[in-house]
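Beneath this line is the structure, given in structure tokens, with notes to follow.
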Amino acid sequence: MVSVNAQTKEELQKQKSEKQAIADAAQAEANALQAKIDALPGWRKGAFGTIGGSLSNFSNWYAQDAPNNSSGNIGFTLNAFANLIEDNFFWRNSLTTNLNWVKLDNKDNGTDDDDSFNPTTDVFSISSLYGRNITKTLAVSGLAEYRTTLLNNFNDPGYLDVGVGATWTPIENLIVVIHPLNYNFVFADNDAIFDSSLGAKIVADYTRQIGAVNFKTNLSAFQSYKSSDLSNWTWTNSFSYTLWKMIGVGFDFGLRNNKQEALNYAITTLGNTGETFDSVDNDLQTYYTVGLSYKF
């Protein structure tokens with residue numbers, strides 16, 4: 001006698017639902033335990049980034065201006081943090097960088113720069129925030145933040161903010177820094193345009209991981225008491241989604257407003273020597289990077 005045990009589609013789906021319910025309950029317990037671990041005093045460290053790149057080669061492609069060319073670009077971003085959280089104080093450290101290179105070799109033009117990749121996107125920022133808790137969500141704090149470019153014109157300009165004030169943490173992972181006493185040191189060869197000044201510093205940062213998703217948004221603003229022409233702000237955003245093991249897709253974009261940089265570009269690069277703070281076009285600065293991401 002031969003016995004055949006055949007299950008219907010509905011029975012299999014019911015079994016799958018039961019198994020999935022057990023798995024969901026186990027995951028919820030694991031998440032609750034992880035939340036308790038994260039709430040314990042001590043160090044919290046992490047990093048994630050995005051890598052993007054492409055290569056191409058054209059031969060006799062007459063529809064374009066340079067029918068014979070090879071090109072490539074590569075870029076990466078890195079977001080890292082190391083935070084010490086204790087009952088009475090905290091020490092939060094972060095690093096953000098976005099670097100990109102591009103190369104275009106026009107084989108019909110012997111005078112173009114075809115031997116090297118040229119930097120295009122160049123962003124670097126590092127900060128350290130220390131605070132002593134007054135209440136559960138409010139602390140007296142001191143901040144040091146340095147911003148510059150690495151590939152071109154290192155420290156020209158470079159910005160170092162040093163100040164004191166208060167830090168507010170209304171919810172987990174959200175940090176709001178308000179420092180009414182802050183000095184913005186500006187390092188640059190052209191000191192006729194770039195000027196240091198006293199002002200207020202505001203920083204808002206939200207960094208979080210939810211399952212396979214990592215994201216970070218950071219707004220850093222300085223309001224000069226000397227002149228609004230010396231004020232500036234930068235807003236950076238990073239997002240990554242893990243698809244397989246540690247590899248996924250990532251997207252980064254940033255916005256910046258800095259009148260000193262706009263005036264320096266107009267005079268030194270464009271040659272508009274008659275430009276002033278009052279006449280220069282202070283266009284919004286932007287960048288974005290899309291590519292593969294890697295979770296460290």
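The table below gives the values:
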read-out	value
Residue selected from segment 240-258 under the condition closer than 16 Å to residue 286 by Cβ and without any contact (Cβ under 8 Å) to a residue 40 or more places away in the chain, by the criterion surrounded by the most Cβ atoms within 10 Å (Cβ to Cβ)	258
Which listed residue, of 286, 236, is part of a strand (DSSP E or B), free of Cβ contacts under 8 Å to residues at least 60 places away in the same chain and β-branched (Val, Ile, Thr)	286
Neighbours by Cβ (under 6 Å, 6+ apart or cross-chain): first from segment 67-85, surrounded by fewer than 16 Cβ atoms within 10 Å (Cβ to Cβ); second aromatic (Phe, Trp, Tyr) and part of a strand (DSSP E or B)	84/43; 84/91
Enumeration of residues in segment 26-66 that are surrounded by 15 or more Cβ atoms within 10 Å (Cβ to Cβ) and more than 26 Å from residue 243 (Cβ to Cβ)	58, 66
Considering residues of segment 145-158 that are buried (at least 17 other Cβ atoms within 10 Å of the Cβ) and under 17 Å from the mean Cα position of the chain (by Cα) only, the residue farthest from residue 263 (Cα to Cα)	145
Residue, surrounded by the fewest Cβ atoms within 10 Å (Cβ to Cβ), within segment 170-217, restricted to residues that are among the polar types (S, T, N, Q) and under 30 Å from residue 249 (Cα atoms)	173
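Read-outs throughout are calculated quantities, based only on the coordinates presented, and are distinct from any laboratory measurement. It should be emphasised that the depicted structure is a prediction, and the values quoted were computed from it without experimental measurement. Cβ sites come from the backbone with ideal geometry, for glycine too, and all protein chains shown count toward neighbours.
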